[in-house]
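Shown next, in structure tokens, is the structure this report addresses.
The values are calculated or read from the model by the stated rules, or taken from the named source; none is laboratory data. Computed from a predicted model, the values in this text were never measured in an experiment. Ideal geometry is used to build each Cβ from the backbone, glycine not excepted, and the neighbour counts take in all protein chains shown. Accessible surface areas use protein heavy atoms only, side chains included; no ligands, DNA or RNA. Shrake-Rupley method; radii C 1.70, N 1.55, O 1.52, S 1.80 Å.
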Amino acid sequence: MQIKESKQGEVLILTISEHLDSATSTVFESRLLGLVDRGERKIVIDCGSLEYVNSAGLKVFLLAAKRLEPLGGKLVLCALAPSVLMIFEMIGFTRIMKIVPSLDDALKALGGEATPA
């Protein structure tokens, strides 16, 4: 798994790729929750290059969303591949997490600017 970090205004964008599973989720969890602890409140996770996620990876998204909620923050996931989105739908995450089709939609959902063309 690779994690790339960028910032657009107040919005932190994390791009994750490859697999988010039992072997990689602890690294991602530590990085993501560390960013929340350091004050990030608007976070987009761009899953456009994420090929696979299992329950350990799903737990990280849930932990981050739950940590952000009482702080007035928000987590938005975007660009999920059909196979990854299907997993989110099967376990009901699409009802409890904000998931949008594109990075531009995610930025808009957090009150940010869309990426320049």
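At a glance:
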quantity	calculated
Output for region 59-77, where each listed residue is closer than 19 Å to L103 by Cα and open to solvent by 70 Å² or more (accessible area, probe 1.4 Å)	K74
Filtered residues of region 90-103 (kept if open to solvent by less than 100 Å² (accessible area, probe 1.4 Å) and of a type outside the set (V, I, T))	G92, F93, M97, K98, S102, L103
Positions within region 18-34 being in contact (Cβ under 8 Å) with a residue 24 or more places away in the chain and closer than 15 Å to L68 by Cα, in sequence order	E29, R31, L32, L33
Any hit, region 1-17, residues being surrounded by 15 or more Cβ atoms within 10 Å (Cβ to Cβ), in contact (Cβ under 8 Å) with a residue 24 or more places away in the chain and not in a strand (DSSP E or B)	yes
